[in-house]
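> Quick one: the structure is below, questions incoming.
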Amino acid sequence: MTKIMIIDDEAAQREMLAGFLKKKGFEVEIASGGAEALERYPDFFASLAVSDMKMPDMDGLELLVKLRELNPFIQVIMLTAYGTVENAVGAMRMGAYGYLTKPVNLEELLINLKKASEQNRLITENDLLRRTMADMADIPEMIGDSAEVMRVRSMVSRVAPSDSSVLITGPSGSGKGLVANIIHELSSRREKNFVQLNCAAFPEALLESELFGHEKGAFTGADKKRAGRFELADGGTIFLDEIGDMLPPMQAKLLRVLEDGSFESLGSERSKKVDVRVISATNHDLEKLIVEKKFRQDLYFRINTVGIELPPLSQRGGDIMKLAEHFLDRYSRKMKKKVWSISDEAAAKLMSYNWPGNIRELQNIIERAVVLSTDDTIRSEDLPGIVQTWVSETPFRKVSLSEIEKDHISAVLRAEEWNMQNSSDILGIHRNTLRQKIKDYDLKPDK
C-alpha cells in the first residue's frame, strides 16, 4: 500500500483529500502545517506528499526542501489557489513532482500521484541497484575483474529487477546461493522473505511437506499445522537449491505451483494461492537428465526463463589471488593475527592448483594458512599438502601479449553481448580505442 502525507491548513480540504485517497487504496497521514508534517514524517516515511503552497507556519516550498532532506526520493505535488507560471516553475526547480491549482480535480490528482509513485519506485530501485552493485565488489563470489565474473555481475544486475524465474548453474562451492540472495536483494521483493530449501536434503515424502506445508494429523507425527516454504515466501522469493535432485512425482507438483501459484497442503483439500518468485540452482546437467527421463522438460522451461552460469574458480585466472587476499584480510582480522601477505612461492601454488572445491575450498585453505602462519606472511608450507604438490596438467602456453589482449577483449565483448559502452567501461578504454582494437584483431560477434 502506497503511503502519502497530506499537508494543508484547511481542515475541510485535507479531510476531503484523505477520504478520497483512502478509498483509492492509499495509506494516508494528515498534517495541518509544515511543522506538524516534519514532526510526523519520520515515523510515517511516505513516498508521496501533497502539500498546500500557502500555510501560516511554513510555505510549501520550504516544507518541500525539508522533506527532501529527510527522504531525497519523496515525490511532492504542490497545491495552490493562486496558480501562476512563476510559482509552478519555482516549485519544479525546488524538486516538486507536480503542481495543481485549487479546487483540486481529483481524477487529475490521482493520475499525477500514480505517475509520481512510479517515479519514486524507479529512483529508489536505481539507487539500490547502484549501491548494491558497488557492494558486490566486497562479496567473494563477485570479487575480481575476469571476463567470467564481469559476465555474472552483468547478468545479475539485468535480471534482478524483473520477476522472471532464474536458474543458476555451476559447480558446488561456486556461490549459487549467494547469487540468488543478491538477486532477491536487488528486486522489488526485497522487503519480503527470501526462503531457501535444499531439495537434496529431504526424502520425497518430507520434501512435499517442506514445500507445501501440512495440516494437523496429515501423517504420523504431524501434531500441529505447519506452513510450507511456498507459503512463507508469499510476496517474496523462494530459492530451490539442488533442484536437479528432485524426483519426477514432486516435479509435477512443483510445476503446478509455478504455472498458477496454487497448491494444497498435505491433509487439506483447500487450495492456497501465492505470489512467489522462484530461483533455482543445480550442479547437474538438467538437459542430460531430461534425455534420461529424470527431469521434466516442461519444468525445465518454467524455471529457466533466465539462466546464469557460475564459472569454476579454475577459470577465473587472476581473480584467485584477489580472493585469496580478501580472505587473508578477513581471517587475520578475525583471529587478530598480523598476517599481511602471501609469498610468491605460495601464490604460485595457489594459482596453479585446480580448485575442485572452488571458492569454498580457497576460503578454507586461507583460513587454515592464517592459523598455521608463524610470521606476517603465508608461505608454501602453510598450505595443505595437496596444494603444495599439485602439478598442473595444462602445459604452459607461449603466447604474445597481443594474443592475451585479443582473448580478453573478445571475452568481455561476449559477456556484454557486444554493448560497446559497457565493454569499454570494463576494459578501461575509450569506445573509439575499443573499435580500433576490434578492427585490428578482426573480432566479430558470434552468429
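The values are calculated or read from the model by the stated rules, or taken from the named source; none is laboratory data. A quick note: this is a predicted structure, and the numbers were derived from the prediction, not measured. Cβ coordinates were reconstructed from backbone atoms using ideal geometry, including for glycine residues, and neighbour counts include every protein chain displayed.
> Against the definition (part of a helix (DSSP H, G or I) and among the aliphatic types (A, V, I, L, M)), how does residue 258 come out, yes or no?
Yes; evaluated as a whole, the condition is true for this residue.
> Separate question: Which one is surrounded by the fewest Cβ atoms within 10 Å (Cβ to Cβ), of the residues in the stretch 22-52 that are aliphatic (A, V, I, L, M) and closer than 11 Å to residue 63 by Cβ?
So, considering only residues that are aliphatic (A, V, I, L, M) and closer than 11 Å to residue 63 by Cβ, the one surrounded by the fewest Cβ atoms within 10 Å (Cβ to Cβ) is 35.
> Within the stretch 94-109, restricting attention to residues that are surrounded by fewer than 17 Cβ atoms within 10 Å (Cβ to Cβ) and within 13 Å of residue 60 (Cα to Cα), which residue is farthest from the chain's Cα centre (by Cα)?
94
> Now a separate question. So for the stretch 229-247 (the condition being touching a residue at least 24 places away in the same chain (Cβ under 8 Å), farther than 30 Å from residue 161 by Cβ and either in a loop (DSSP other than H, G, I, E, B) or under 24 Å from the mean Cα position of the chain (by Cα) (or both)), does at least one residue qualify?
yes
> Go through the residues of the stretch 263-272 one by one and say whether even a single one is among the polar types (S, T, N, Q), in contact (Cβ under 8 Å) with a residue 12 or more places away in the chain and over 30 Å from residue 162 (Cα atoms).
Yes: one or more hits.
> Oh, and also: Any residue at all in the stretch 4-17 that's touching a Ser or Thr at 6+ places or on another chain (Cβ under 7 Å) and touching a residue at least 40 places away in the same chain (Cβ under 8 Å)?
Yes, there is a match, as at least one residue in the stretch 4-17 is touching a Ser or Thr at 6+ places or on another chain (Cβ under 7 Å) and touching a residue at least 40 places away in the same chain (Cβ under 8 Å).
> Cβ-Cβ distance below 9 Å, separation of 6 or more or different chains: which pairs start in the stretch 411-431 with a residue that is in contact (Cβ under 8 Å) with a residue 24 or more places away in the chain and end on one that is surrounded by 15 or more Cβ atoms within 10 Å (Cβ to Cβ) and in a loop (DSSP other than H, G, I, E, B)?
Qualifying pairs under 9 Å: 411/146; 413/443; 422/416; 426/145; 426/416.
> Do you know which residues across the stretch 144-160 are of a type in the set (Lys, Arg) and in contact with a helix residue (DSSP H, G or I) (Cβ under 9 Å, 6 or more places away or on another chain)?
151, 153
> Six or more apart or on different chains, Cβ atoms under 7 Å: show the pairs whose first residue is in the stretch 114-131 and modelled with pLDDT of 70 or more and whose second is surrounded by fewer than 16 Cβ atoms within 10 Å (Cβ to Cβ).
120/73; 123/73
> Do we have any residue at all in the stretch 164-180 that's at pLDDT below 85, among the hydroxyl-bearing types (Ser, Thr, Tyr) and either more than 20 Å from residue 414 (Cα to Cα) or not assigned by TED's automatic domain parsing to the domain that holds residue 285 (or both)?
yes
> I'm checking my understanding of the structure. Among residues of the stretch 1-37 that are touching a Gly at 6+ places or on another chain (Cβ under 9 Å) and within 21 Å of residue 118 (Cβ to Cβ), which one is modelled with the lowest pLDDT?
Among those that are touching a Gly at 6+ places or on another chain (Cβ under 9 Å) and within 21 Å of residue 118 (Cβ to Cβ), it is 1.
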